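In what follows, a structure is listed as structure tokens, so that the remarks can point back to it.
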Amino acid sequence: MKILTVVGARPQFVKAAMVSRAVILHNREGRSPGITEEIVHTGQHYDPGMSQVFFDEMSIPEPAVNLEVGSGPHGEMTGRMLEGIEKEILSREPDWVLVYGDTNSTLAGALAAAKLHVPVAHVEAGMRSFNKRMPEEINRVLTDHVSTLLLCPTRAAVANLAREGITRNVHAIGDVMYDASLVFGEIAGKRSGALERLGLAAKGYALVTCHRAENTDDARRLGGILDGLSRVAAGLPVVFPVHPRTRKRIAQFGYEDRARAIRMVEPVSFVDMVRLEQKARVIVTDSGGVQKEAYFHGVPCVTLRDETEWVETVEAGWNQVVGADADRIAAAVARACPGRSIKEYGDGHASELVVKRIVGS
Ligand code: UD1
């Protein structure tokens, strides 16, 4: 059986790494049918620190091809990907196309495959923010509606699909990011020198990530976030590995001064990120994945958005969703504390279930 995996952006490399390990395990154990996995990298993320470092560090098989699509407006970027992925599907003739999450690369992979009648497996299916202004929400909804096999991380995701009339071949398998947090949590403890390199004390800093278009491309929201973080920084060091999109916007809006109290560093590798997450006192983020990683590592989270797909983290008291208002951000960081345990994300073997479900479908 041949699987063509389409990836392109940072969080997908992490998820694909876990499933590629499961494919290798499946083959090593001599299970039938044997699986050949070929990876198509769309090139959506192209800076070495946003892409290659993940392939190196996580032993992801080298991509069979990199489409080098790079940045651009959504339509142009997605269109270029569609054209490239279609060619790869036609020449490589996979039995399945495997896509992850909600990026433009996800949608392009799913759409190209569905139009060629190649079955699509979507990992992280059924997530919804119900905010159609997010490009990710459009990508998720469309991808789910052309997918053959819908692999959901939570029961809430299964219910979201049911509301849209999608009930066939839907499975709650747990969260491959939880698998990653277990494997890389251990590795990070042994291998990462991030704390020492950045001179940080365990539980003595706030860790920040912020890259969503809704925050970075809106001067008022980005300003509010920087002001809120600066207020936090008056009492607790704030470390912020800055996504290239955010760095560009800070310069463009002339916000360098408003960010002066914040310790801005280059994007970090996954192993270093996990280490920084494990040892943070609080995590402040607008990323989907990082909200859950905070919980996986037992760290309270403050989310810089107006809604979240990961509703369990809020219900269990780990996550406060506060938007981009400076006062609310500072107040939420001050009262952030651990919550109750969440049973939703599986047992650390979701990646193996991805392989099992594809093989069994
Ligand atoms: C994308 C995903 C988002 C995901 C995020 C993870 C979409 C619509 N969004 O957002 O869901 O959470 O990846 O990081 O697919 N850039 C660089 N170097 C890079 C990559 C990007 O400089 O390696 C710059 C580009 O100039 C681009 C900007 O960052 O204009 C945004 O990149 P893009 O891939 O459009 O979206 P992300 O913000 O990374």
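Side notes on the structure shown:
- Grouping the Cα pair distances of the stretch 245-308 into 10 Å bins from zero gives a pair-distance distribution of 19, 44, 34, 4 percent in increasing distance order.
- Rounded D (µm²/s) - the stretch 128-285, Kirkwood Rh over Cα pairs, Stokes-Einstein at 4 °C, 1.567 mPa s: 72 µm²/s
- Given charges at Cβ of Lys, Arg, Asp, Glu: the chain dipole, positive-most of Ala9, Gln291, Leu25: Gln291
- Distance in nm between pseudo-label sites at Ile24 and Ala64 (7 Å out along the Cβ direction from Cα): 1.9 nm
- Placing a pseudo-label 7 Å from each Cα along the Cα-to-Cβ vector at Glu38 and Ala219 gives an inter-label distance of 4.8 nm.
- Cα-based radius of gyration of the stretch 271-361 once divided by 2.2 N^0.38 Å, which approximates compact folds: 1.22
- Amide H partners (placed H, <5 Å) of Ala316, local residues excluded: none
- Between Phe130 and Arg191, the modelled labels are 4.1 nm apart [label points 7 Å from Cα along Cα→Cβ].
- Fully extending the segment from Gln52 to Arg92, taken as 0.36 nm per residue of separation minus the present Cα-Cα distance, adds 12.0 nm.
- For the chain, the dipole from Cβ point charges (+1 on Lys and Arg, -1 on Asp and Glu) about the Cα centre works out to 680 debye, to the nearest 20.
- Segment Asp257-Leu182, extension gain: residue separation times 0.36 nm, minus the distance between their alpha carbons: 23.1 nm
- The stretch 50-134 shape via C-alpha gyration tensor axes, a/c threshold 1.5: rounded
- At full extension, Lys115 and Arg31 could sit 27.2 nm farther apart than now, given 0.36 nm per residue minus the alpha carbon distance.
- Residues whose amide H lies under 5 Å from that of Thr42, counting only those 5 or more places away or on a different chain, are Val7, Gly8, Leu67; hydrogens are built 1.01 Å from N in the peptide plane.
- Shown in residue order for the stretch 62-75 are the 3J(HN,Hα) couplings computed by the Karplus curve 6.51 cos²θ - 1.76 cosθ + 1.60 at θ = phi - 60°: 4, x, 5, 7, 10, 6, 6, 6, x, 8, x, x, 4, x Hz (x for Gly and Pro).
- The charge dipole of the stretch 210-361, taken about the Cα centre with unit charges on the Cβ atoms of Lys, Arg (+1) and Asp, Glu (-1), comes to about 340 debye, rounded to the nearest 20.
- When the alpha carbon gyration tensor of the stretch 124-183 is reduced to an equivalent ellipsoid, its three semi-axes come out at 19, 15, 10 angstrom, largest first.
- Coil-residue GluC sites (Glu not before Pro) of the stretch 42-146, DSSP, other Cβ within 10 Å capped at 12: Glu68
- Cβ-derived FRET efficiency at R0 25 Å, Glu315 paired with Ala162, nearest 0.05: 0.80
- Centre separation in Å (Cα based) which lies between the stretch 84-136 and the stretch 323-350: 29 Å
- Using the Karplus relation 6.51 cos²θ - 1.76 cosθ + 1.60 with θ = phi - 60°, the per-residue 3J(HN,Hα) values for the stretch 306-320 come to 9, 7, 9, 7, 9, 5, 4, 5, 6, 4, 7, x, 8, 10, 10 Hz, with x marking Gly and Pro.
- Reciprocal of mean inverse Cα separation for the stretch 200-298 (Kirkwood radius, Å): 13.5 Å
- Pairwise Cα distances in the chain exceed 30 Å in 34 percent of cases.
- Taking a point 7 Å from the Cα of Ala331 along the Cα-to-Cβ direction, the residues of the stretch 214-244 with backbone N closer than 20 Å to it are 221-236.
- For the stretch 88-100, putting each phi into the Karplus relation 6.51 cos²θ - 1.76 cosθ + 1.60 with θ = phi - 60° gives couplings of 5, 5, 5, 7, 8, 6, x, 7, 9, 10, 10, 10, 10 Hz, in residue order, rounded to whole numbers and with x for Gly and Pro.
- Estimated translational diffusion coefficient (Stokes-Einstein, Kirkwood radius over Cα pairs, 37 °C, 0.692 mPa s) of the stretch 1-148: 215 µm² per second.
- Which listed pairs, of Lys279/Lys343; Lys87/Lys356; Lys2/Lys87; Lys132/Lys292, have C-alpha distances above 25 Å, in listed order: Lys87/Lys356
Bear in mind these aren't lab numbers, they're just calculated from the coordinates by the rules spelled out. All values derive from a computational prediction rather than experimental measurement. Every residue, glycine among them, receives a Cβ derived from its backbone with ideal geometry; neighbour counts consider all protein chains shown.
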